Amino acid sequence: MSVLSAFNNQLLAFFEEMSETYPEEKDIKTATETLKVLKKMNPKLIHATFMETVHKEFREPILSRNDEYLVRRAHEIMHEKFSEMAFAFWIFDKHWKTMTDTNKNHVWDYCKVLIVLAEKVPVDKA
């Protein structure tokens, strides 16, 4: 399995788990289905979008588990502009404050693995 496939599978697994954890959140279910289609059609686009939208600003806060920064920025992003990866921030905006420590640690672990995998994906030189 390529690193790109591992990254996309991990991101999809994260979205699927959030969809199962919060079944009332129809938007996360829709985002999960969109990711599945995009994974088949253009898997590199998922990685490129993640790198631009999530990794660029959030690498350090994720690795240092800075939830104060993430919650604040997630709220700003979710309420100010649309982003293809907006749902990557949804959990921090809507459910973080009521989540158990165990679930928070699980989210942190997913996010850290996504950062590490994303950095290992070879980038095409155009």
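Listed by first and then second residue, the pairs with beta-carbon distance under 7 Å, at least 6 apart or on different chains, first residue in region 14-40 and under 22 Å from Asn105 (Cα atoms), second not in a helix (DSSP H, G or I), are Tyr22/His95; Ile28/Tyr22. Of everything in region 61-90 that is over 14 Å from Asp109 (Cα atoms) and among the charged types (D, E, K, R), the residue that is modelled with the lowest pLDDT is Glu84. Restrict the check to region 46-59 and report whether at least one residue is among the basic types (Lys, Arg), more than 24 Å from Leu4 (Cβ to Cβ) and assigned to a helix (DSSP H, G or I). No; the residues of region 46-59 include none that is among the basic types (Lys, Arg), more than 24 Å from Leu4 (Cβ to Cβ) and assigned to a helix (DSSP H, G or I). Go through region 55-68 and give me each residue that's surrounded by fewer than 16 Cβ atoms within 10 Å (Cβ to Cβ) and without any contact (Cβ under 8 Å) to a residue 24 or more places away in the chain. Scanning region 55-68 gives Lys56, Glu57, Glu60, Ser64, Asn66, Glu68. Working only within region 22-42, note down all residues that are surrounded by fewer than 16 Cβ atoms within 10 Å (Cβ to Cβ) and in a helix (DSSP H, G or I). The answer is Lys26, Asp27, Thr30, Glu33, Thr34, Lys36, Val37, Lys40, Met41.
Checked against (1) in contact with a Ser or Thr (Cβ under 8 Å, 6 or more places away or on another chain); (2) not in a helix (DSSP H, G or I), Met1 passes all but condition (1). Looking at Glu52, is it touching a residue at least 12 places away in the same chain (Cβ under 8 Å) and surrounded by 13 or more Cβ atoms within 10 Å (Cβ to Cβ)? Taking the combined requirement at face value, the residue does not satisfy it.
The values are calculated or read from the model by the stated rules, or taken from the named source; none is laboratory data. Keep in mind it's a predicted model, so treat the numbers as computed, not measured. Positions of Cβ are generated from backbone atoms using ideal geometry, with glycine treated the same way; all protein chains shown enter the neighbour counts.
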